[in-house]
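These notes are about the structure you will find just below.
None of the figures in this text is laboratory data; all of them are computed from the coordinates on show. Please read all numbers here as calculations on a predicted model, not as lab measurements. Ideal geometry is used to build each Cβ from the backbone, glycine not excepted, and the neighbour counts take in all protein chains shown.
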Amino acid sequence: MEINNSDYSILIVDDVDANVFLLKLLISKSGYKTLTAFNGKEALEVIEKFNPDLVLLDIMMPVMDGQEVAKRMRELPGHEETPIIFLSALNSTEDVVQGFRLGAADYVSKPFNKDELLTRINHQISLIAAKRVILRQTEELRRIILGRDKLYSVIAHDLRGPIASIRMVAEVLVNGINREGVGPEMYEMITILNKLTEESFSLLDNLLKWTKSQTGRLNTVFQKDVEIMELVEGVVETQKTVASLKQIRIRIEGTTKRVATLDMDMAKTLLRNLINNALKFSYKGGEVVVEIIEMDKRVKICVKDTGTGISKEIQEKLFKNDTHFRSFGTAHEEGSGLGLLLCRDFAARNGGTLSFASEEGKGSTFCFDIPTPQLQDSDHSI
């Protein structure tokens with residue numbers, strides 16, 4: 001890293017005029033800007049007014065010694081980390097240790113070797129320069145991330161409304177149109193339109209929620225006494241249209257009368273994503289089972305399919321935020337893995353966990369659990 005010494009100022013603090021003159025000459029010849037002070041009180045005034053990058057500080061001075069200067073300097077806003085090099089004839093172990101306790105970056109004994117002193121000064125300045133680069137790059141990265149997240153949020157939010165309207169129209173067309181009346185080709189086009197709008201809406205919805213989640217703008221709003229069975233049945237019913245496009249049957253296995261305290265929107269999104277994935281990777285004419293299992297103070301909901309399954313290589317990437325991969329369903333539907341990351345987040349926000357088991361070529365099972373600490377009367381009936 002190239003450093004321009006003239007960009008940095010060094011404050012020289014010493015009560016001996018000859019020492020100040022010598023140090024100023026030596027440091028100026030190296031290209032640094034210099035400031036001077038002849039006692040501790042004056043040094044603090046210069047520090048507050050001119051904000052030097054480095055302080056070369058004598059210890060034994062009238063009015064206020066160097067150790068007191070260092071202590072007070074650390075209390076000044078913006079100078080908690082300004083490097084100090086103590087330059088003193090006091091070179092006992094106790095003096096050196098005390099200097100470091102007061103926040104000294106280095107300690108040079110008098111009489112000093114000019115090459116050694118310049119090397120130590122250059123080292124501290126290089127650390128300052130590196131820190132500034134890191135801070136500048138960190139701020140730049142922060143702005144880039146904020147811009148990216150805002151872009152994602154605006155895109156997802158602004159497109160979600162129109163896509164939702166198109167989705168509703170396409171669904172009405174598919175359910176209300178007479179196949180024989182429009183002909184097989186037109187019916188196929190409308191079916192494809194419905195499938196594409198459904199996938200686009202799901203992606204935008206996930207993108208919007210994921211962006212809000214990662215930027216801390218997604219609140220978890222808990223509702224009490226949510227009937228789990230009713231929630232599951234509602235989501236499954238809405239997914240039957242999507243399933244019918246691939247001639248896949250969805251059925252619920254098991255039941256429960258338990259209620260839970262959870263964020264209904266998150267729970268629905270979680271289950272919908274798992275069912276969507278199961279449909280995406282199931283073969284035409286297959287079956288997706290949503291199984292409900294009552295456990296001690298929990299209800300586990302599993303989505304099972306007998307589709308393509310997931311390779312071991314992809315399994316290792318499923319829940320890693322820093323990996324991106326593409327996977328394609330049995331009808332060439334594209335997946336990004338974002339939905340599963342959202343599912344894991346939403347399960348955790350509602351006090352549960354997301355787990356899965358899969359074997360390539362045989363299918364997958366994804367499960368999440370919902371806390372139900374208060375057992376219902378029906379759980380104790382004989």
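Under 5 Å between amide hydrogens, built in the peptide plane, is the criterion, and for Thr34 it picks out Ile10 among residues at least 5 positions away or on other chains.
Counting only alpha carbon atoms, the long axis of helix 114-176 and the longest principal axis of the chain meet at about 20°. Against the chain, whose longest principal axis is taken from its Cα atoms, helix 228-245 shows a tilt of about 70°.
Comparing Cα centroids, region 342-364 and region 236-276 end up 14 angstrom apart.
Considering only Glu227, Glu68, Glu139, the Gaussian network model of the chain with Cα springs below 10 Å gives its largest mean-square fluctuation to Glu68.
Given only helices, namely DSSP H runs of n ≥ 4 each adding -39500 (n - 2.57), what is the per-residue ellipticity at 222 nm of the chain, to the nearest 500 deg cm²/dmol?
On the way: 11 runs with 190 residues, N = 382.
Calculated from helices alone, the mean residue ellipticity at 222 nm is -16500 deg cm²/dmol.
Based on Cα contacts under 8 Å between residues 6+ apart, region 168-269 shows a relative contact order of 29 percent.
In terms of its C-alpha gyration tensor, region 1-47 has an oblate overall shape, because the principal axis ratio a/c (a ≥ b ≥ c, square roots of the eigenvalues) is not below 1.5 and a/b does not outweigh b/c. Simple rule: put +1 on each Lys or Arg Cβ and -1 on each Asp or Glu Cβ in region 5-112, find the dipole, and look at Phe50, Val96, Leu76; the Cα lying farthest toward the positive end is Phe50.
In terms of the Cα gyration tensor, with a ≥ b ≥ c the square roots of its eigenvalues, is region 56-147 rounded because a/c is under 1.5, prolate because a/b exceeds b/c, or oblate?
Working: a/c = 3.36, a/b = 1.89, b/c = 1.77.
In terms of gyration-tensor shape, prolate.
Note on the chain: Cα-Cα pairs beyond 35 Å make up 52% of the total pair count.
Of the cross-linked pairs Lys131/Lys212; Lys209/Lys312; Lys240/Lys317; Lys300/Lys362; Lys41/Lys71, those separated by over 24 Å at the C-alpha level are Lys131/Lys212; Lys209/Lys312; Lys240/Lys317. The angle separating the long axis of helix 184-214 from the principal Cα axis of greatest extent in the chain is about 30 degrees. Footprinting exposure proxy ranking of Thr93, Thr215, Thr197, fewest other C-beta atoms within 10 angstrom first, gives Thr93, Thr215, Thr197.
Taking 0.36 nm per residue of sequence separation and removing the Cα-Cα distance, the Leu76/Glu171 pair yields an extension gain of 27.6 nm. In region 5-112, the convex hull through the Cα atoms has an average projected area of 6.1 nm², a quarter of its surface area.
Across region 5-112, C-alpha contacts under 8 Å between residues 6 or more apart give a mean separation that, scaled by the residue count, equals a relative contact order of 23 percent.
Fewest Cβ neighbours within 10 Å first, please rank Lys280, Lys297, Lys49, Lys195 accordingly. Don't skip to the answer; put the middle values down first.
Values: Lys280 24, Lys297 12, Lys49 9, Lys195 18.
The fewest-first ordering by Cβ neighbours comes to Lys49, Lys297, Lys195, Lys280.
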